[in-house]
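The values are calculated or read from the model by the stated rules, or taken from the named source; none is laboratory data. None of the values given here were measured: they were computed from a predicted structure. Every residue, glycine among them, receives a Cβ derived from its backbone with ideal geometry; neighbour counts consider all protein chains shown. Each accessible area value is taken on the protein alone, full model and side chains, heavy atoms only, with ligands, DNA and RNA left out. Shrake-Rupley method; radii C 1.70, N 1.55, O 1.52, S 1.80 Å.
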Amino acid sequence: MNSLDRLEAHSVHILREAYREFKSLVMLWSIGKDSTVLLWLARKAFFGHVPFPLMHVDTHFKVPEMITYRDQLALQWHLDMIVGENTPALAAKQTYPDGALSRVECCKSLKSEALKHSLDGTWPRRRMDHTLGCLVDEAKPEAFTGVIVGVRADEEGSRSKERTFSARDCQNEWDVGDQPPELWKQYKTDFAPGTHVRVHPLLDWTELNIWEYIDRESIPIIPLYFDQGKGRRYRSLGCSPCTTPVDSTAKNVTDIIAELRGGKFANIAERSGREQDKEDGGGLETLRRGGYM
Amino acid sequence: MSKTHQHEQISIVMAGHVDHGKSTVIGRLLAETGALPQGKLEQIRAQCRRNAKPFEYAFLLDALKDEQAQGITIDVARCFFKTAQRRYILIDAPGHIEFLKNMITGASRAEAALLVIDAKEGIRENTKRHGYMMSMLGLRQLTVLVNKMDLVNYDEAVFERLRKDYTEFLERLQIHPVSFIPVSGMQGDNIAADTGAMPWYKGPTVLEQIDRFQTSRFPDTLPFRLPVQDIYKFTEQDDDRRIVAGTIETGSIAVGDAVVFQPSGKSSRIRSIEYFNGPAKIRAAAGEAPGFTLDTQLYIKPGEWMVRADEPAPQVGTRLRVNLFWMNRAPMIRGKTYKLKLGALRSTVKLVEILAVLDAAEIGVDSAKQQVDRHDVAEVILETPKPVAFDLIGDIEQTGRLVIVDNFEIAGAGIILAKAETVATTVETPLLHPVGAHGNTSKFAVSIIALTGVDNPDSPVLKRLNSQNAIVTMRTTVEGGGEPASLETVFKLLKQQGFILDYQI
Ligand SMILES: Nc1nc2c(ncn2[C@@H]2O[C@H](COP(=O)(O)OP(=O)(O)OP(=O)(O)O)[C@@H](O)[C@H]2O)c(=O)[nH]1
Ligand SMILES: [Mg+2]
């Protein structure tokens, strides 16, 4: 087994463990390369099926192609997709692009808050209706207690310290100093009522591993990651006002891999195009303690 | 990067006492091999200037605000870097006793370890404790870094003395270190380059050493063991496969092989090996996480072991003699119900006997202790309500391990030393001479309540006692009624058979 085989088997094991242990499980899908690889790994784990819903938090500031790609793939792969958002904040224009909030506050509101209330079922959500082929309002949003998230340890400092199964209390708080032990493929799968759990199957993957795997498996990936002829591409996908494309002429997966292995990006952090990180001293820790993914 | 190693990756953990320089050594290594993102070093330097703190390479790893404020590693960090040889995951573990469970988390993922000792402070409590933990975790590939050589004038004698003392200590744990390297994380000596500070040292630098570590191979020549994680039947899109899924711990298997599920004892044959988006498989081996369909529709439950019928079977029993390490603040006590996780199995479990409690730092034994406290290592007997299947650590490491959950937390981790018998073993004459009024044909049913000192007791247990140094607790009854033989009588007869007995009731 090479290292991609090992990473795959390890992530598959974690996904099956999560599916076994949690009654109400959901996987976050940001449409980016990591969560799309995660989605692919779920199809590996469950032999072509994805036996739990996917949740996408729509900030309404995503690059429009992302939404088209999301809906297409959801229909094609028979995905049970749920979409949540912070409707009141968007309606009241309480956002960074509207000039009302700082970047970090905006992230908290449109992502962390929206996610929290979409997960606990207290805010309205929409769900993909496969007979109609579009999103419809969900009649009775249920609460999820297990959330699968595609964060990687190499992304930034606080993520390098994540556990595979990580408890968050009812306030969504993360006690970084007192995390559960994990050993011998045994994870924290027992929880007091009122807590919920984040499951991180991708912690050991690097950005390079992700692209190598996309290449090996021919996973369909959103073309925003490739240069369309203007000499620019996205390396990390977020909201358009806070994510700048990087200068690159990588036109396909092979080019990206070459760029990461030895080329110009070998030593530049992936999230360097994400402005909210800089407001937090580069650590993202404050945001993440408060429920940011 | 050469093509052959392009995909090779190895995980290495840093261990050692608090403040001996683990994070500093990694920080140096990352900085000197160009593994840091552009501007990262400058950013940390600027941050240190802003906060009027001296620059620390450790801050590259200690990313949490509390960690930098207190100058201590709290939680394990994974960092990634590569050499011309291959890719690495370096796991920086904390040295403070308070965060021992974090160190264990880090070490359990590693294939090799770098254990750091401060040349000036020498061997301290957690230098030893971490050594002990590594031996329990089965981590045997170890290099010792004698750090802060700059503080002892790069004195060879200091290095040699530490090498001798710590080697002796490790040998008691059956760990044979790969090498000892004198370094200075702060000055960068012998980290990525030989700076000439210690001309008397001829061995490899840290960077050269880690390139020499062996990646662990998946144990595919051991007997096949698959912990059944789940059984899937996804009916969507007319899928009618019923798939047994799990990650193969050891061994290998092929389509057509006869399999047995343990402890239920049900058997079948492999019909197909399932794997999404890949060529059809006829074989699968350790490390892989495929699925299996069977020739017959068996009712089996998650938690069983699927094993090959033509290979040695696992042990099945309710009493396990375990070497257990305890991590929770609340002690482990007798009689309380805990949760056991062993492979994919979940069961309740009770602590029925504490045989000895060791102090992992001093490796002293306290046999009078009646509970297992936080950070103790204890030899105990655990009991499950129903028989469970397992292997002994001496037979198959991967499946001879378990964890104990207390109050929703993984609180203990253990390795299984032996099966403690409870099953009544009928011992026939001539092993025991007849007693009482039943003449030459009577049999004793001897039930062994606890058995220690025997690593791999086969049934009938007593057969093997001859050659072993064992402690047996037993109860006797006589078949067909009548007076049970008194223990004195049984012991006398056992002695006549040549057993050396430590008489206890
Ligand atoms: N003089 C000298 N000081 C060193 C050396 N290596 C580390 N130090 C100092 O020792 C202190 C502790 O170093 P760390 O790297 O944080 O130690 P650690 O082992 O990671 O500590 P914990 O993770 O908290 O257990 C820091 O102040 C370092 O600057 C060295 O080679 N020489
Ligand atoms: Mg440290």
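What to note about this one:
- Applying the criterion of being modelled with pLDDT of 90 or more and open to solvent by 20 Å² or more (accessible area, probe 1.4 Å) to the residues of region A:171-189, the residue that is farthest from the other protein chains (Cβ to nearest Cβ) is A:Lys185.
- Helices (runs of 4 or more DSSP H) contained entirely in region A:1-115, each with at least 2 residues that are within 14 Å of another protein chain (Cβ to nearest Cβ): A:3-21, A:33-45, A:64-76
- Number of positions in region B:105-128 that are within 16 Å of ligand 2 (Cβ to nearest atom), part of a helix (DSSP H, G or I) and away from every other protein chain (no Cβ under 14 Å): 2
- Filter result for B:Gly27 (within 13 Å of ligand 2 (Cβ to nearest atom), more than 29 Å from B:Thr167 (Cα to Cα) and more than 11 Å from every other protein chain (Cβ to nearest Cβ)): no
- Residue match in region A:193-205 (condition: among the basic types (Lys, Arg) and touching a residue at least 24 places away in the same chain (Cβ under 8 Å)): yes
- Scanning region B:63-72 finds one or more residues that are at the interface with another protein chain (Cβ under 10 Å from one of its Cβ atoms), over 27 Å from the mean Cα position of the chain (by Cα) and either polar (S, T, N, Q) or under 17 Å from B:Ala192 (Cβ atoms) (or both).
- Subset tally (residues that are of a type in the set (A, V, I, L, M, F, W, C), closer than 13 Å to A:Ser24 by Cβ and surrounded by fewer than 13 Cβ atoms within 10 Å (Cβ to Cβ)) for region A:121-153: 1
- In region B:175-186, the residues that are under 18 Å from B:Ser135 (Cβ atoms) and open to solvent by less than 20 Å² (accessible area, probe 1.4 Å) reach residues that are within 12 Å of ligand 1 (Cβ to nearest atom) and outside any loop (DSSP other than H, G, I, E, B) with C-beta atoms within less than 7 angstrom, at least six apart or across chains, in these pairs: B:Phe180/B:Val146.
Yes/no per residue for (1) touching a Lys or Arg at 6+ places or on another chain (Cβ under 8 Å); (2) over 16 Å from B:Ile231 (Cα atoms):
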site: B:Phe261; (1), (2): no, no
site: B:Gly265; (1), (2): no, yes
site: B:Gly278; (1), (2): no, yes
site: B:Ala289; (1), (2): yes, no
site: B:Thr296; (1), (2): yes, no
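Table: residues versus (1) open to solvent by 50 Å² or more (accessible area, probe 1.4 Å); (2) outside any helix (DSSP H, G or I); (3) assigned by TED's automatic domain parsing to the domain that holds B:Glu8.
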site: B:Gly131; (1), (2), (3): no, no, yes
site: B:Ser135; (1), (2), (3): no, no, yes
site: B:Arg140; (1), (2), (3): yes, yes, yes
site: B:Ala157; (1), (2), (3): yes, no, yes
site: B:Tyr166; (1), (2), (3): no, no, yes
site: B:Ala197; (1), (2), (3): no, yes, yes
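- For region A:192-211, the set of residues classified as open to solvent by 10 Å² or more (accessible area, probe 1.4 Å) and either over 16 Å from the mean Cα position of the chain (by Cα) or of a type in the set (A, V, I, L, M, F, W, C) (or both) consists of A:Ala192, A:Pro193, A:Gly194, A:Thr195, A:His196, A:Leu208, listed by residue number.
- Residue match in region B:34-48 (condition: more than 16 Å from ligand 2 (Cβ to nearest atom) and acidic (Asp, Glu)): yes
- The set of residues in region B:1-35 that are within 16 Å of ligand 1 (Cβ to nearest atom) and either modelled with pLDDT under 85 or over 21 Å from B:Thr143 (Cβ atoms) (or both) is empty.
- Screening B:Ala112 with (1) open to solvent by 10 Å² or more (accessible area, probe 1.4 Å); (2) away from ligand 1 (no atom under 14 Å from the Cβ); (3) of a type outside the set (D, E, K, R) gives one miss only, at (1).
- In the set (1) within 26 Å of B:Thr205 (Cα to Cα); (2) facing chain A (nearest Cβ under 10 Å); (3) within 11 Å of ligand 2 (Cβ to nearest atom), B:Arg86 fails one condition alone, (3).
- All of (1) free of Cβ contacts under 8 Å to residues at least 12 places away in the same chain; (2) within 14 Å of ligand 1 (Cβ to nearest atom) hold for B:His96 with one exception: (1).
- On the stretch given as region A:59-77, residues that are within 12 Å of A:Gly133 (Cβ to Cβ) and touching a residue at least 40 places away in the same chain (Cβ under 8 Å) total 3.
- In region B:14-25, the residues that are among the polar types (S, T, N, Q) reach residues that are more than 8 Å from ligand 2 (Cβ to nearest atom) and open to solvent by less than 10 Å² (accessible area, probe 1.4 Å) with C-beta atoms within less than 7 angstrom, at least six apart or across chains, in these pairs: B:Thr24/B:Gly185.
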